[in-house]
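Reviewing the structure listed below.
The values are calculated or read from the model by the stated rules, or taken from the named source; none is laboratory data. Owing to the predicted nature of the structure, the values given are computational and were not obtained by experimental measurement. In this analysis, Cβ positions are derived from the backbone assuming ideal geometry, glycine residues included, and neighbour counts consider all displayed protein chains. Accessible surface areas use protein heavy atoms only, side chains included; no ligands, DNA or RNA. Shrake-Rupley method; radii C 1.70, N 1.55, O 1.52, S 1.80 Å.
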Amino acid sequence: MRLAMVIDLKRCVGCYGCQIACKAEHGTPPGVFNTRVVKQEIGEYPTVNLVSLPVGCNHCSDAPCVASCPTGASFVWEDSGIVDIDPDKCVGCRSCMMACPYSNRYFVSERLDYYGDKGPTIIEAYWNAKTQLGVVRKCNFCRDRIMEGKEPACVANCPAIARHIGDISDPTSEVSRLIKERGGFTLQPEKGTGPNVYYLPA
Amino acid sequence: MTSGQLKYEKFMVDLTREYRPQREWAEGRGLYLIIGHFLVGVAGGAWIFGHLFDHPASLVCSFFLAVGGGLCHLINLGRPERFWRMMRCIRTSWVARGFWGISFFMVGGIIFLPALVFPDFLWSADSFIAKTGEAIAWVGAVIMIGYMGFAYMVSKAIPFWNSPLHPVLYIAYALRGGAGLLFLLAPMYALAPRLEASLLQSWIWITCLVIALWGVEAVAVMSSGDGAARRSFHELFKGNLAGYVYIGILLLGLVVPVFLLSGVAVAQTSLSLAFVGLTSVIGDLFIKLCSVKAGVHIPVRI
């Protein structure tokens, strides 16, 4: 099985729901966005369009971050094709951040709280105790939720049903059908990394 | 404001830019990586020239530079206590190969150099143990001067580095730095006049090679490079890094040494050559600093 995500740019309303859902699910500190929404103007006057482009880890089939990691901390789950990081193995060299053409990895070197001097909230204190400093973080398609049979937080919380996840190696799956019928495309295919996040045209 | 808060503020501003500068390998503890690459490069180059010109002082000096460079590499890590894990992925990772290179060099140096420096040491410089150490250090030196450029070249996020010229440039910097170090040591540990002329010729040829490679890179980036690579070049010559480039690289690293070597103002003595070595080495540090700091990420867009 190889998991892939399909994001329908026609449906995405740019509400940042996925970004917030991910932050709530993983308790990411300030400056870490496992998924984020980029606003992009396309076209030329007078036919200009503002597109909301949700971006995150592309869980590439030939992930350069995995190849560049000197410790094996960046790895691919064989059962799903999810690219993940083992924080216990990461030395924080950041070579994976330089290798990722999508720039979707984040190095957390210091504890930062959203309310600064007022200290961490209860939920921040919970996540601070669970996560390591001096290591790189990234999206893992909410692997824990997937193992429980749930959808990733960004998919489950999208109010416009713009995100879909499924097995791309199964030609009858919804993601395979959407990519085929709607002309799904990937970002920066010329980099040759085989990304597994597809976008449907706006 | 703490460094973490400052980093966050910069990051949030960077996200609004079309071309986001890479800061992880250039600011904060990332600066140690640049210094580490500089020291390790000079160490590798000095090892090669030290052998070619039979100059034991530069061999010893290159060992200590490599130790300093290795320490800088460690400081750059987020979790330095796990450094030993970097020996694992040598088949795919240039960082892991670099780790092996520096380790080989240090182990080989520890075995070989005491025998070279102390005639009454446990084993002689011609013994099998010393020769084995020397061979190990040679392998380490070759990896050390080679791995840096490749580590940058495989960085797909930064188009300016993602060029096949980068490894050649880094090898050339290392050799130039090595020659510069020999000049720097010349007043204390003299070279034979014939060797000095030969080393000078090597330095000139390598400098010409560096200039030619930069020319080719400039033409390649400006004619067919993508927007992010062009942005990096703009940063170097017209942007925030222009001061470092014109004063550090061109003036200190090129104009001053060439002026001194021309013999117009001062006669060519070992002291003037030492000054040439010093300015050349400082120029190389600025080259590395600027080319790393100039890196910008590929913009995320459809």
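Look at where the Cα atoms of region B:272-289 and of region A:35-97 average out, and the two centres are 39 Å apart.
Could you rank the peptides B:105-112, A:71-78 by their average count of other C-beta atoms within 10 Å per residue, with the highest value first? Intermediate values should be presented prior to the final figure.
Values: B:105-112: 21.1, A:71-78: 19.6.
My ranking of the peptides, most packed first, is B:105-112, A:71-78.
If the segment from B:Leu74 to B:Arg91 were pulled out straight at 0.36 nm per residue, it would be longer than the present Cα-Cα gap by 4.0 nm. Free of any trypsin sites (Lys or Arg not before Pro) that DSSP assigns to a loop and that have at most 13 other C-beta atoms within 10 Å, the longest stretch within chain B is B:92-237.
Averaged over its residues, region A:56-177 has an accessible area of 43 Å² per residue, based on protein heavy atoms and a 1.4 Å probe.
For chain B, rounded, prolate or oblate, judged on the Cα gyration tensor with a ≥ b ≥ c (square roots of eigenvalues), a/c < 1.5 rounded, else prolate if a/b > b/c?
Here chain B falls in the oblate category.
Taking the Cα centre of region A:3-200 as origin, work out the dipole magnitude from +1 charges on Lys and Arg Cβ and -1 charges on Asp and Glu Cβ, in debye rounded to 20. Write out the running numbers ahead of the final one.
Details: 21 positive and 22 negative charges, 72 e Å.
So the magnitude is around 340 debye.
Mind grabbing the interface size between A and B? I mean buried accessible area, both sides, 1.4 Å probe, in Å² to the nearest hundred.
Details: alone 10810 and 15250 Å², together 22390 Å².
Accessible area lost upon association: around 3700 Å².
For region A:154-202, give the percent of accessible area contributed by carbon and sulfur heavy atoms, probe 1.4 Å, rounded to a whole number. Please list the in-between numbers first.
Numbers: 1260 of 2320 Å².
After summing per-atom areas, the C and S share lands at 54 percent.
Considering only A:Gly116, A:Gly31, A:Cys69, the residue lying farthest towards the positive end of the dipole of chain A is A:Gly116, judged by Cα position with unit charges set on Cβ.
On a full-extension model of 0.36 nm per residue, what is the gain between B:Ala190 and B:Thr132, subtracting their alpha-carbon distance, rounded to one decimal in nm?
Values: separation 58, 0.36 × 58 = 20.88 nm, distance 2.77 nm.
Difference between extended and current length: 18.1 nm.
Here's the picture: a label point sits 7 Å out from the Cα of A:Asp144 along the beta-carbon direction, and within region A:99-121 nothing has its amide nitrogen under 13 Å of it. Against the empirical 2.2 N^0.38 Å scaling, what ratio does the C-alpha Rg of the protein assembly as shown come to? For the protein assembly as shown, the normalised Cα radius of gyration comes out at 1.10.
Once the C-beta distance of A:Tyr126 and A:Asp88 is scaled by a Förster radius of 22 Å, the resulting FRET efficiency is 0.70 to the nearest 0.05.
Comparing B:Ile158, B:Ser232, A:Ala202 along the charge dipole axis of the protein assembly as shown, the residue lying farthest to the positive side is A:Ala202, per the Cβ-charge model.
Here is the link list: A:Lys23/B:Lys293; A:Lys130/B:Lys156; B:Lys7/B:Lys293; A:Lys39/A:Lys180. Which ones come out longer than 22 Å on Cα distance?
Values: A:Lys23/B:Lys293 30 Å; A:Lys130/B:Lys156 31 Å; B:Lys7/B:Lys293 15 Å; A:Lys39/A:Lys180 26 Å.
Over 22 Å Cα-Cα: A:Lys23/B:Lys293; A:Lys130/B:Lys156; A:Lys39/A:Lys180.
I'd like the distance between the alpha-carbon centres of region B:1-50 and region B:74-153, rounded to an integer number of Å. Rounded to whole Å, the Cα centres lie 23 Å apart.
Based on the alpha-carbon gyration tensor of region B:74-217 and its eigenvalue square roots a ≥ b ≥ c, which shape applies: rounded if a/c is under 1.5, prolate if not and a/b is larger than b/c, or oblate? The shape class here is oblate.
Give, as ranges by residue number, the residues of region B:230-248 whose backbone N falls under 16 Å from the point 7 Å along Cα→Cβ of B:Val255. Of the residues in region B:230-248, B:237-238, B:242-248 have backbone N under 16 Å from the label point off B:Val255. Between the listed residues B:Leu15, B:Phe104, A:Ala162, the Cα displaced farthest toward the positive end of the dipole of the protein assembly as shown, a dipole computed from Cβ unit charges relative to the Cα centre, is found at A:Ala162. With springs connecting C-alpha atoms under 10 Å apart, model chain B as a Gaussian network and identify which of B:Glu18, B:Glu196, B:Glu134 has the largest mean-square fluctuation. Result for chain B, Cα springs under 10 Å: B:Glu18 fluctuates most. As a fraction of the 1.4 Å probe accessible area of region B:104-201, surface on carbon and sulfur atoms comes out at 74 percent. By definition, a body whose alpha carbon gyration tensor gives a ≥ b ≥ c is oblate when a/c is 1.5 or more and a/b is not larger than b/c, and region A:63-175 fits this oblate description.
Site pair A:Tyr45 and B:Ser262 shows an inter-label distance of 5.1 nm when each label is modelled 7 Å from Cα along Cα→Cβ.
A simple spin-label model places the labels of A:Tyr114 and B:Arg17 2.7 nm from each other, with each point 7 Å out along Cα-to-Cβ.
Mean sequence separation of contacting Cα pairs (under 8 Å, at least six apart), scaled by the length of chain B, corresponds to a relative contact order of 23 percent.
Between B:Arg301 and B:Phe64, the FRET efficiency estimated from the beta carbon spacing at R0 = 45 angstrom works out to 0.40.
Restricting to DSSP H runs of at least four residues, report the calculated mean residue ellipticity at 222 nm for chain A, -39500 (n - 2.57) per run over all residues, nearest 500 deg cm²/dmol. All intermediate terms of the calculation are to be shown ahead of the outcome.
Working: 7 runs with 47 residues, N = 202.
The per-residue figure over chain A is -5500 deg cm²/dmol.
Would you please name the chymotrypsin sites (Phe, Trp or Tyr not before Pro) within region B:127-211 that are DSSP coil residues with at most 10 other C-beta atoms within 10 Å of their C-beta? Let's see the in-between values first.
Details: sites: B:Phe128, B:Trp138, B:Tyr147, B:Phe150, B:Tyr152, B:Phe160, B:Trp161, B:Tyr170, B:Tyr173, B:Phe183, B:Tyr189, B:Trp203, B:Trp205; in loops: B:Phe160, B:Trp161, B:Tyr189.
Passing both the DSSP loop test and the Cβ count: no residue.
Could you tell me the relative contact order of chain A? Use alpha-carbon pairs under 8 Å, at least six residues apart, and round to a whole percent. This gives 33 percent for chain A.
Count neighbours as other Cβ atoms within 10 Å of each site's Cβ, and list the trypsin sites (Lys or Arg not before Pro) in region A:132-202 that are DSSP loop with at most 12 such neighbours.
Numbers: sites: A:Arg137, A:Lys138, A:Arg143, A:Arg145, A:Lys150, A:Arg163, A:Arg177, A:Lys180, A:Arg182, A:Lys191; in loops: A:Lys138, A:Lys150.
Sparse-neighbourhood loop trypsin sites (Lys or Arg not before Pro): A:Lys150.
For the peptide B:14-20, the mean number of other protein chain Cβ atoms found within 10 angstrom of a residue's Cβ is 1. Take each residue in A:30-42, count the other chain C-beta atoms within 10 Å of its C-beta, and the mean is 3.
Taking R0 as 22 Å, what's the FRET efficiency between A:Lys10 and A:Gln188 from their Cβ-Cβ distance, rounded to 0.05? Present the calculation step by step, with values, prior to reporting the outcome.
Numbers: r = 21 Å, r/R0 = 0.96.
Given R0 = 22 Å and the Cβ-Cβ separation, E is 0.55.
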